[in-house]
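Report on the structure given below.
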Amino acid sequence: MTIPSDAQLREILVDMVTARTQSARLWNLQRQGQVGTVAPIDGHEATIVAAAHALDTEHDWVIPQYREPLALRRYGPEILERFMLYSLGHPAGGHIPDPIRVLPNQISLGTQIPHAVGIAWGMVLRSEPGVALVFFGDGSSSEGDFYEAGNLAGVLNAPVVMVCVNNQWAISTPVHLQTAAESFADKAAGFGIPGVKVDGNDAAAVYDAVDEARKRALAGKGPTLIEAVIYRLGAHTTADDPTRYVPPEDLEAAQRDDPVLRLTSQLRKLGLWDDAAQQETEVEALELLDRAVEDARSAPLAVDALLDHCFSVDTQRLALQRSQLLEARSTETR
Ligand SMILES: Cc1ncc(C[n+]2csc(CCOP(=O)(O)OP(=O)(O)O)c2C)c(N)n1
Ligand SMILES: [Mg+2]
């Protein structure tokens, strides 16, 4: 068992508090009409941050769904910059800034899982060290892509870590209507790979599970499916009203097991966290976010950036679309 050091746990908490603070600010900015739809992070912090801290940012890829970006700052400031571009509808919000090994947000459920297996298998073919860690929700696990990708990963023995973030909801669909299986981790049996269920509110437990899966993958032993059990503490997105379907008593119970509060109180007891640390982290988080929003607002807008990164070189058809797009835009502004 690999337990994160006190220093690592403190870094993990800084990233968790940062993510929650920035998520709350983004919610307000959406309400003011300043950014697009926001999917709050509340409840997901320990799972995402601790998983990212168990990875080697130089070699390991992260393939997110859409709730993760604010919790992936360990991969560099580019993640926040790109996320703000994305939140403002800028095409560059879908790019992968070299050498950052994090894919952009994926809204189309489950489609990121085959991408992760492809990346992992590609690394094997190129003899590159590293693993691909993919996040997906309980809801996404009902997509065909999950089964196809999990099966292929097992057959290829691909170095992929599949993290199913079970937050009990897929918008308003509760988990008992999502699957008749005992657990999402059990689905690993059908792929012939290990399945591990972990308390996703426990940063140290998530770190350990990802660390072990990563070491297995690097040793050529193939994929692992990890189910991180958490509770979505906020709305699905700014377009949702969870009070219409989340039982208040369930939410109250989950709030008592809030992952940020849990690690905060643990580190306070160890003398590693106090009010000053909390305040300093929150102030810095807001400064970083506000600066990223400003930068995204003033970023030059190249409409045809929409077509970048589809292929390494434009196909004939793409080249035609690019010139038509630029022509249409220049007629518009004439
Ligand atoms: C292919 C597809 N079908 C439906 C949707 C609509 N949709 C957006 S989010 C969502 C729920 C996803 O739930 P889950 O995977 O558990 O992630 P969570 O939002 O709980 O983090 C649905 C159904 C979609 N984006 N893509
Ligand atoms: Mg869910």
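The values are calculated or read from the model by the stated rules, or taken from the named source; none is laboratory data. Remember, it's a predicted structure, so these values are computed and weren't measured experimentally. When we count neighbours, we look across all protein chains shown, and the Cβ atoms used for this are built from the backbone with ideal geometry, even at glycine. For the accessible areas, the whole protein counts, side chains as well, though only heavy atoms, and no ligand, DNA or RNA atoms are used. Shrake-Rupley method; radii C 1.70, N 1.55, O 1.52, S 1.80 Å.
Just a few scattered comments:
- Meets criteria (in the same structural domain as Asp56 (by TED's automatic domain parsing), within 16 Å of ligand 1 (Cβ to nearest atom) and either open to solvent by less than 40 Å² (accessible area, probe 1.4 Å) or among the small types (Gly, Ala, Ser) (or both)) for Gly122: no
- Extreme residue, nearest to ligand 1 (Cβ to nearest atom), among residues of the range 177-207 that are among the β-branched types (Val, Ile, Thr) and open to solvent by less than 50 Å² (accessible area, probe 1.4 Å): Thr179
- Single residue of His115, His95, His90, His59 found to be surrounded by fewer than 24 Cβ atoms within 10 Å (Cβ to Cβ), more than 16 Å from ligand 1 (Cβ to nearest atom) and over 28 Å from Leu29 (Cα atoms): His59
- Which listed residue is assigned to a helix (DSSP H, G or I), among the hydrophobic types (A, V, I, L, M, F, W, C), within 14 Å of ligand 1 (Cβ to nearest atom) and buried (at least 21 other Cβ atoms within 10 Å of the Cβ), from Phe135, Phe146: Phe146
- The residues listed here are Pro259, Pro247; of these, the one that is touching a Gly at 6+ places or on another chain (Cβ under 8 Å) and open to solvent by less than 70 Å² (accessible area, probe 1.4 Å) is Pro259.
- Residue match in the range 228-236 (condition: touching a Cys at 6+ places or on another chain (Cβ under 9 Å) and modelled with pLDDT of 95 or more): yes
- Filtering Asp257, Asp250, Asp240 for residues that are out of contact with any helix residue (DSSP H, G or I) (no Cβ under 6 Å at 6 or more places or on another chain) and more than 16 Å from ligand 2 (Cβ to nearest atom) leaves a single hit, Asp257.
- Glu284 vs. criteria open to solvent by 70 Å² or more (accessible area, probe 1.4 Å), under 20 Å from Asn167 (Cβ atoms), away from ligand 1 (no atom under 16 Å from the Cβ) and not β-branched (Val, Ile, Thr): no
- A Cβ distance below 8 Å, combined with a sequence gap of six or more or placement on separate chains, defines the contacts here; from the range 155-176, residues that are within 16 Å of ligand 1 (Cβ to nearest atom) reach residues that are among the basic types (Lys, Arg) and in a loop (DSSP other than H, G, I, E, B) in the pairs Val165/Arg67; Asn167/Arg232; Gln168/Arg232; Trp169/Arg232.
- From the options Ala71, Ala52, Ala46, residue that is more than 16 Å from ligand 2 (Cβ to nearest atom) and among the small types (Gly, Ala, Ser): Ala52
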